[in-house]
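The values are calculated or read from the model by the stated rules, or taken from the named source; none is laboratory data. All of these numbers come straight from a predicted model, not from anything done at the bench. Neighbour counts run over all protein chains shown; Cβ positions are idealised from the backbone, glycine included.
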C-alpha cells in the first residue's frame with residue numbers, strides 16, 4: 001500500500017539485512033501505536049533484519065521487550081521509523097538523526113475538540129501540530145497510516161509521502177482466552193452496541209447516547225451500550241455524558257463505561273457485541289473498526305476522517321447522523337440474519353488487506369528505498 005517514492009516495483013530480494021529501529025514516545029500495552037510497532041519489529045526480525053523498539057516511557061511489563069530511549073542503540077539504525085502522535089523530545093532528536101528517516105504519522109486530534117473541557121489538552125494538541133510541521137524538511141519519507149493522514153502530511157509540506165497502515169495481529173482478538181463469567185453476563189438477551197476508544201469529545205459519545213434514545217423509542221427496549229476505553233482523562237466530558245443519559249431518562253445500568261481492560265476482556269466485549277457503532281468526527285485510522293471485523297461484528301460508522309479509508313467499502317458507512325435511520329440500521333443488523341451475514345462477508349474480504357503478507361511487502365519496499 002506504500003505509495004510515493006516507493007511506488008515503483010522494487011524486488012524484495014535486493015534489500016540487504018539492515019538495522020531498522022522504531023521510536024515511539026510511550027510504550028503501553030493495548031495502545032494501538034505501540035502494539036503496531038511491536039508487531040512490525042517482530043516481522044522485521046522474521047525477515048532477517050535487526051530491529052528494536054525504543055520509547056521514552058515504558059510500561060513495567062514491557063521493559064524486557066522495549067528499550068529505553070537513552071539506549072545508545074536508538075541512534076544506530078540504518079533506517080529509523082518515528083511514530084508521531086504527540087509532541088516529545090524525540091522530535092528534535094529525529095530531525096538530527098543519521099541514516100534513512102521515516103516518519104509514520106498517526107494523527108493528532110484537532111485542538112478545538114478539547115477547548116470546552118481541558119485547556120491543557122487543547123494546548124498539547126496545538127503544540128503537537130506545530131511540532132509535526134518542523135519535521136517537514138528533515139525526513140526522507142513521510143508515511144500516514146491512512147491516506148487521510150498522508151494528505152495532511154502533504155499539506156504541511158512533507159514529501160515524498162506514502163501510506164502504510166497500522167499492523168494489527170488477528171490473534172489479539174481471535175485467539176484471546178475465553179472469559180466465561182463476563183461472557184455469561186453479557187449474553188443475557190440484550191442487544192449489545194459496542195464502542196471501543198478513549199472517552200473524548202472527538203469520538204462524539206453523546207451522539208451514541210442520542211442513538212440509544214432513538215433505538216429505545218423506535219426499535220427495541222432490550223438494549224445495552226458498552227464503551228470500552230479510558231474514561232478518566234476528561235472528567236467534565238464524562239459528567240456531561242452521564243447528565244445526558246439522565247436527561248433522556250434512560251437507566252444508567254444500560255450504559256457501561258468499562259475503563260481500560262485487559263486484552264482477554266477486550267476480545268470478550270467484541271465477541272459478545274451485536275453491532276459496533278462509531279459516530280466519531282475525527283479519526284486518523286480507527287483500529288477498533290478492524291478489530292470489530294476480526295470478531296465478525298457488523299460495523300456502522302460515520303464517514304469522518306480516515307474512517308472511509310479504513311473500512312475500504314466494508315461495513316455500513318453513513319454520511320449523516322440521522323438518528324432514526326441509524327437506529328433502524330442497528331436493529332436490522334441485530335435481527336435480520338441475511339443482512340448481517342452479507343455485511344460480515346464484506347468485512348472478511350476487507351481484512352485480506354491487513355495480512356502479514358501485505359505488511360511484509362510494504363516493509364520490503366520501504367527498506368529497498370532506504371538502501
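Residue 2 satisfies every condition listed in (1) closer than 18 Å to residue 140 by Cα; (2) touching a helix residue (DSSP H, G or I) at 6+ places or on another chain (Cβ under 8 Å); (3) in a loop (DSSP other than H, G, I, E, B); (4) at pLDDT 95 or above except (4). The condition (being under 20 Å from the mean Cα position of the chain (by Cα), free of Cβ contacts under 8 Å to residues at least 24 places away in the same chain and surrounded by fewer than 17 Cβ atoms within 10 Å (Cβ to Cβ)) is satisfied by just one residue among 303, 243, 264: 303.
Across the stretch 246-261, the number of residues qualifying as in contact (Cβ under 8 Å) with a residue 12 or more places away in the chain and either in a loop (DSSP other than H, G, I, E, B) or outside the structural domain of residue 214 (by TED's automatic domain parsing) (or both) comes to 4.
When the stretch 140-151 is filtered for residues that are touching a strand residue (DSSP E or B) at 6+ places or on another chain (Cβ under 7 Å) and crowded, with 20+ Cβ neighbours inside 10 Å, the ones remaining, listed by number, are 141, 142, 143, 144, 145, 146, 149, 150. Among the residues making up the stretch 319-343, those that are crowded, with 18+ Cβ neighbours inside 10 Å, closer than 20 Å to residue 203 by Cβ and in contact with a strand residue (DSSP E or B) (Cβ under 9 Å, 6 or more places away or on another chain) are 326, 329, 330. Only residues that are within 19 Å of residue 78 (Cα to Cα) and in a strand (DSSP E or B) were counted in the stretch 38-61, giving 6. Of 116, 201, 160, all but one fail to be under 30 Å from residue 327 (Cα atoms) and not assigned by TED's automatic domain parsing to the domain that holds residue 329; the exception is 116. For the stretch 210-236, filtering for residues that are surrounded by 21 or more Cβ atoms within 10 Å (Cβ to Cβ) and assigned to a helix (DSSP H, G or I) leaves 3.
Here's the yes/no breakdown for (1) over 26 Å from residue 176 (Cα atoms); (2) outside the structural domain of residue 148 (by TED's automatic domain parsing); (3) in a loop (DSSP other than H, G, I, E, B):
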| site | (1), (2), (3) |
| --- | --- |
| 291 | no, yes, no |
| 297 | no, yes, yes |
| 304 | yes, yes, yes |
| 314 | no, yes, yes |
| 317 | yes, yes, no |
| 341 | no, yes, no |
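Exactly one condition in (1) in contact (Cβ under 8 Å) with a residue 60 or more places away in the chain; (2) touching a strand residue (DSSP E or B) at 6+ places or on another chain (Cβ under 8 Å); (3) in a helix (DSSP H, G or I) is false for residue 276; which is it? (3) is the only condition that residue 276 fails. The listed residues are 198, 178, and the only one of them that is out of contact with any strand residue (DSSP E or B) (no Cβ under 8 Å at 6 or more places or on another chain) and surrounded by fewer than 23 Cβ atoms within 10 Å (Cβ to Cβ) turns out to be 178.
When we screen 45, 63, 67 for residues that are in the same structural domain as residue 134 (by TED's automatic domain parsing) and buried (at least 17 other Cβ atoms within 10 Å of the Cβ), the only hit is 67.
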